[in-house]
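Taken together, the values in this text are just the output of simple stated rules run on the coordinates, not laboratory data. Worth saying up front: this structure is predicted, and the values here are computed from it rather than measured. For neighbour counting, all protein chains shown are included, and Cβ atoms are generated from backbone atoms with ideal geometry for every residue, glycine included.
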Amino acid sequence: MNEIEQYLAPRRLDEALQAMANGDATVLCGGTDLAPQTESGARQYTAKLLNIRRIDGLGGIAAETDQVRIGAVTTISEIRCHPALAEIAPVLVEAAEHFASEQIRNAASLGGNLCNASPAGDMIPPLLVLGASVELACWRGGAVQTRLIPLERFFVSPGKTVKLPEELLTAVVFDRPAADFVGKFRKSGPRPALEISTVSLALGARIADGLLSNVRVAMGSVAPTPLRARHVEAALEGKPLDAASIAAAVAATAEDAKPIDDVRASAWYRSHLVRVFLEEVLNDVRGN
Amino acid sequence: MSVGTVKEVQRRVHMTLQVNGEEIDVSFAPYKTLLEVLREDLGLTGTKHGCELGECGACAVLIDGEPLLSCLTLAVECAGRAIETIEGLAQGTQLHPLQEAFADLGGSQCGYCTPGAVMTAKALLDKEPSPTPQRIKEAMSGNICRCTGYQQIVESVERAAGCCRNAEREAT
């Protein structure tokens, strides 16, 4: 194991960003991915360990305005128990509900779940259907610089994102969903708690006069990154929610989901689950 | 960078941890998890090493009243936070109602998962004095037990909840 020579726990964002300006810091927040990865040897600590949890203003949920903002160090438990979020974006709260276990939800941060960039990350499909973006900050030219990246373009491959080593994910933002927005989330594993999703799926859409619009469907664990299912979305956009459109959408999953065989499930089973989940969420919405 | 807000250390961290209400000075390598510091540096071996992957709950302790996994928590992160472990539960020879109920109802058999299960249950009862069996199962779903079949654990937590409520009533 590499020696950690320096442990930093700054209170201010600019201090943290300066400390990581060389791109050589190991960022610690909840530690729920970092600890097992360093323990197994999949990752090494660098000489500088930077705890971002104590930075002022990096936590908390602002849901009162037209744009919802969730600070990067917000825990999954905080999302799960947030009354305004449950009102505005229940699809996100639902995913938090199904996330690991109580002990892990208390530690794991939203920013960490995104930066870990697992194809199975539980918070990703709901944020994709909410049209979320991530705010990345770095120290450049003697000041804090930020950029906003649509979450859909954030993931590159398992464990890899477009975030530069000197950048810190500081917040997740999305527009407050319209009043006629509906969102649904499904995930599956061998048991309800403490499971890495075999497959996850989220649906977000507006429904007016029985027609779907602004349809977004996102899937996890069916490709190297979580993805938007464009063919499925096209099959539903502007359509009434009837048996024909549901069947067409279910058939279109084959175009979007390209799962692999691995230790958790076969490609065949994952493809099957995607079809089942999509049909379930569409029927759920139809039933309401 | 201002020194007052950033802590720099070389190789070993020296800090004061608050464990079971006591302030303890301890020195350890910064990559050490809270579980390792509790067991190896403080001799508090009640908290168990399980999977060390965050999948079994055997190492659960309370930090600022919330159940967390000590195998995933770096000890350096715990400065200024109140840590509670199984060793802090009994008052002298007086067992905590959870300990009593786990012993009486077979909620503990081989005992390996018990410290984590009891601490997780304590966090639940501290916040919710009358949880339903469903709520208990949900709150304890991160604590894996290979012996009891779980029913006895749920019954133990229910019994302890009743005892805690009675004790509360008598005290007021």
*List every residue pair whose Cβ atoms lie under 6 Å apart, where the two residues are 6 or more positions apart in sequence or sit on different chains, the first residue falls within region B:34-61 and is under 18 Å from A:G30 (Cα atoms) and in contact (Cβ under 8 Å) with a residue 12 or more places away in the chain, and the second residue, located anywhere, is surrounded by fewer than 24 Cβ atoms within 10 Å (Cβ to Cβ) and among the aromatic types (F, W, Y).*
B:V37/B:F28
*Which one of these is crowded, with 21+ Cβ neighbours inside 10 Å, of a type in the set (A, V, I, L, M), at negative phi and free of Cβ contacts under 8 Å to residues at least 12 places away in the same chain: A:A72, A:A25, A:A35?*
A:A35
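Would you please name the residue that is nearest to the other protein chains (Cβ to nearest Cβ), looking only at residues in region A:1-25 that are in contact with a helix residue (DSSP H, G or I) (Cβ under 7 Å, 6 or more places away or on another chain) and hydrophobic (A, V, I, L, M, F, W, C)? Even if it seems obvious, please write down each step before you answer.
At the first step, the residues of region A:1-25 found to be in contact with a helix residue (DSSP H, G or I) (Cβ under 7 Å, 6 or more places away or on another chain) are A:7-8, A:10-12, A:15, A:25.
Okay, now just the ones that are also hydrophobic (A, V, I, L, M, F, W, C), so A:8, A:25.
Details: A:L8: 5, A:A25: 12 Å.
Once the filter is applied, the top-ranked residue is A:L8.
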*Here is a list of conditions, (1) touching a helix residue (DSSP H, G or I) at 6+ places or on another chain (Cβ under 8 Å); (2) farther than 24 Å from A:A25 by Cα; (3) buried (at least 21 other Cβ atoms within 10 Å of the Cβ), and A:V182 meets all of them except one; can you say which number that is?*
(3)
*Only residues that are away from chain B (no Cβ under 14 Å), in contact with an Asp or Glu (Cβ under 7 Å, 6 or more places away or on another chain) and assigned to a loop (DSSP other than H, G, I, E, B): list them for region A:183-202, please.*
A:S197
*Could you say which residue among A:A120, A:A137 is under 21 Å from A:R53 (Cα atoms), surrounded by 14 or more Cβ atoms within 10 Å (Cβ to Cβ) and in contact (Cβ under 8 Å) with a residue 60 or more places away in the chain?*
A:A137
_Condition met for A:L49 (facing chain B (nearest Cβ under 7 Å) and not polar (S, T, N, Q))_ = yes
*Across region A:26-44, what is the number of residues that are part of a helix (DSSP H, G or I) and either under 20 Å from A:K163 (Cβ atoms) or at the interface with chain B (Cβ under 7 Å from one of its Cβ atoms) (or both)?*
6
*Go through region A:60-93 and give me each residue that's assigned to a loop (DSSP other than H, G, I, E, B), of a type outside the set (S, T, Y) and more than 14 Å from chain B (Cβ to nearest Cβ).*
A:G60, A:A63, A:E64, A:D66, A:A72, A:H82, A:A89
*Tally the residues that are more than 16 Å from A:K187 (Cα to Cα) and within 23 Å of the chain's Cα centre (by Cα), restricting the search to region A:268-288.*
1
*Test A:A205 against the criterion of being part of a strand (DSSP E or B), farther than 28 Å from B:A139 by Cα and not polar (S, T, N, Q), and give yes or no.*
yes
